[in-house]
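Below: one structure, written as structure tokens.
The values are calculated or read from the model by the stated rules, or taken from the named source; none is laboratory data. Computed from a predicted structure; not experimentally measured. We place every Cβ from the backbone using ideal geometry, glycine too, and count neighbours over all the protein chains shown.
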Amino acid sequence: MGFDSMRRILLAFLFFTQCLHDFVQGAPQVPCYFIFGDSLADCGNNNNLNTLARPNYYPYGLDFPKGPTGRFTNGRTVADVIGELLGFDHFIPPFTNLTGADVRKGVNYASSASGIRDETGMQQGERVSLNEQLKNHFSIVSQIISISSNESAAKGHLEKCIYIVITGNNDYMNNYFMPEFYPTSKEYTPQQYADVLVKQYSEQLKLFCILEIPAASW
């Protein structure tokens, strides 16, 4: 990804967050918020995995109200900030700890070291790839359908939600740039690899719209 593309993405994100800031009121702007991605959004999904990518200890969380929770930051993640700007008064819970949570309001599926490709981050240990995160989401969709009056009502609810996906950097840092673990840099030129990632990511994004597929069919 070139500098101009990165700049456009950053400017778009800053514009998005400014718009949210301008419209935040007492109640959430949307009924639910779903988060997918890697360590930039993970809020604890890796805590019980056998992995090096697990920040549930100090100094992580030093400035976070709940202390170390599994966030790769001293405080809030970008996903947390967006949730606050949307008007949510509680942080969206991780998929691995939904005790007492209303899944209709959203779930965080992000997993540190994960990527678009399934093998990305394997040298770190266990992690939940974007494909696995999608499977987890469809299991939550099935729950939402079961507690809704009907499937149409559930779909209408989900269509009003905000979905955020922060992923892709590990497909380079923990894959393409590590030839001692992965063959991708030998199989693809930089442009070919970027094209492969874009194609796979595009297919994954299309799955967000397929709400009728139950988790058992994966």
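Here the stretch 37-68 is the region considered, the condition is being crowded, with 20+ Cβ neighbours inside 10 Å and over 18 Å from ASN174 (Cα atoms), and the residue that is farthest from the chain's Cα centre (by Cα) is GLY61. Among the residues of the stretch 177-186, are any among the β-branched types (Val, Ile, Thr), farther than 30 Å from ARG104 by Cα, out of contact with any helix residue (DSSP H, G or I) (no Cβ under 8 Å at 6 or more places or on another chain) and at pLDDT 95 or above? No, there is no match, as no residue in the stretch 177-186 is among the β-branched types (Val, Ile, Thr), farther than 30 Å from ARG104 by Cα, out of contact with any helix residue (DSSP H, G or I) (no Cβ under 8 Å at 6 or more places or on another chain) and at pLDDT 95 or above. LEU98 passes every criterion in (1) under 19 Å from THR51 (Cα atoms); (2) of a type outside the set (D, E, K, R); (3) in a loop (DSSP other than H, G, I, E, B) apart from (1). The residue that is farthest from GLY106 (Cα to Cα), among those in the stretch 126-176 that are of a type in the set (A, V, I, L, M) and not in a helix (DSSP H, G or I), is VAL128. Could you check the stretch 164-184 and list, in sequence order, the residues that are of a type in the set (Ser, Thr, Tyr) and either within 15 Å of VAL128 (Cβ to Cβ) or touching a strand residue (DSSP E or B) at 6+ places or on another chain (Cβ under 9 Å) (or both)? Residue satisfying the conditions is THR167 alone. Evaluating PHE88 against the criteria (1) touching an Asp or Glu at 6+ places or on another chain (Cβ under 9 Å); (2) over 16 Å from VAL165 (Cα atoms); (3) surrounded by fewer than 23 Cβ atoms within 10 Å (Cβ to Cβ) leaves one unmet condition, (1).
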